[in-house]
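In what follows, a single structure is set out as structure tokens and then discussed.
Every number in this text was worked out from the coordinates using simple rules, so none of it is lab data. Note that the coordinates shown come from a computational prediction; the quantities given were computed from them, not determined experimentally. We place every Cβ from the backbone using ideal geometry, glycine too, and count neighbours over all the protein chains shown.
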Amino acid sequence: MFLILATSLSFADDCPEVLDFSAPRLRASENVEFCKAFAGKALLVVNTASRCGFTPQFKELEALYQEYKDEGLAIVGFPSNDFRQEYGDEEKTAEVCYVNYGVTFDMVAESSVTGSTANEFFQRLRKQTGESPSWNFNKFLVSPDGSRVQYFSAGVRPRNGELEKAVRAML
């Protein structure tokens, strides 16, 4: 038992502050524990919406994830209705992500990502970058040690450009 406790304490000490967060998984009963799931990985964080002109970016995000996940890339999507383009029904949101676009990366339950009601994770991202989502599909790339966060606007596509180049550089 002592060995398990010592390992657990060591893991907690290694977790970057930005990843000290937990959120319910989309359409599931368990939570995504960010430290456990993402510590030591380059993490791409995206605020998403199912009824947005940028929603087709899910396909490119999934392709990016499939290409780089074995090298240490993780992606987590945060559905949000902050810009009034997300379904109020978790089943519909899940259908868009999992069925329509074949998303296999982590998706968490809907939450706010802007302003004073932003979830704690997005408040931390804003503190590190000075940026807050101005629309759906803004992206934040967190370094494996959590010390650096890069911001990319909604118009920056996931593949074959500056975002993919930043991902490769971070891996």
> Which Cys in the chain stand alone, with every other cysteine's Cβ at 4.7 Å or more from theirs?
Replying inline: Cys52, Cys97
>> With only alpha-carbon atoms in the gyration tensor, what are the semi-axes of the equivalent ellipsoid for the chain, in Å, largest first?
In response: 25, 18, 16
> Roughly how many whole Å is it from the C-alpha centroid of the range 87-115 to that of the range 12-86?
Replying inline: 10 Å
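Expressed in nm to one decimal, what extension gain is obtained for the pair Ser147 and Glu91 from 0.36 nm per residue of sequence separation less their Cα-Cα distance?
16.7 nm
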> What net charge do the residues around Arg84 carry, taking every other residue with its C-beta under 13 Å from that of Arg84, with Lys and Arg at +1 and Asp and Glu at -1?
Replying inline: -2
>> How high is the relative contact order of the chain? Use alpha-carbon pairs under 8 Å, at least six apart in sequence, and give a whole percent.
In response: 27 percent
